[in-house]
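Quick note: the coordinates plus some simple rules give every number you see, no bench work behind them. These numbers were taken from a predicted model, which means no experiment stands behind them. We place every Cβ from the backbone using ideal geometry, glycine too, and count neighbours over all the protein chains shown.
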């Protein structure tokens, strides 16, 4: 299972130190928060008793009949994927039209300490939780069911949303990846081109099967005299691990595309280096490659 690290920082409690050591004074805002804890009213004097804190969530408004479990169509696709019956295209295709849960956390943007020494929240923001992929890219975690989300992050609020709208938000926020069910036995990564396809309401064709990508590669190598052939295959990073360590046909963070350049024999090292530099420059400026390919691994072969 791919390891994704949580970017949300958690508070840790510490002991008072060695016996007899001077007691450290807590900062005023921390002391005020501790004083607020456990009271029967909030900082505005309103009682907690009788409140239903679940009312008014997007889940109750948009999906009133939803039981919070994985949608049937998505569960069937994930089961088939885990069994090796379908590849990652089937999962992405199903994801395009299902309800998912996004983790939201409250971030205090402005507060004040009252005359009674309590913290009064004046302003707070709700923020999506972001995680970091192994290669450092920003990723948005989403969950197919409520229990998976609360198990992963006990302080996060599950907000139900349409997958396409979630993809749009992820792209707007600069996420390069979307991670389905992090922390679960089956974690599935939606890489950038698939994420963009979902956001645009289009079907996703993986770069290693995309005829436009194959044509673009042919055009890039055409002026390179040292190259006699080019091929595109699935990169080693597309695979993920399912329950029991089984290797699955997709769902990994990349590299997505393996490009093999076949070089004519008898080249010097300088000629090889120049050829690779020219090819990589061609990749960088090609519109089809930049839009349809997430990440690349390059291999060389001799004719």
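Quick rundown of the values:
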item: Segment residue 269-residue 287, length gained on full extension (0.36 nm per residue, minus Cα span); result: 3.5 nm
item: Exposure proxy order (Cβ contacts within 10 Å, fewest to most) of 99, 191; result: 99, 191
item: Linear extension gain, residue 300 paired with residue 262, 0.36 nm per residue minus alpha-carbon span; result: 13.1 nm
item: Residue order, fewest to most surrounding Cβ atoms within 10 angstrom, among 94, 70; result: 94, 70
item: Dimensions in Å of region 263-303 - Rg and Dmax from alpha carbons; result: 12.1, 35
item: Value of D in µm² per second that Stokes-Einstein yields for region 207-302, Kirkwood Rh from Cα pairs, at 10 °C (1.306 mPa s); result: 112 µm²/s
item: Contact order relative to length of region 169-291, as percent, for alpha carbon pairs under 8 angstrom and 6 or more apart; result: 24 percent
item: Sorted by Cβ neighbour density within 10 Å, fewest at the top, the residues 152, 204; result: 152, 204
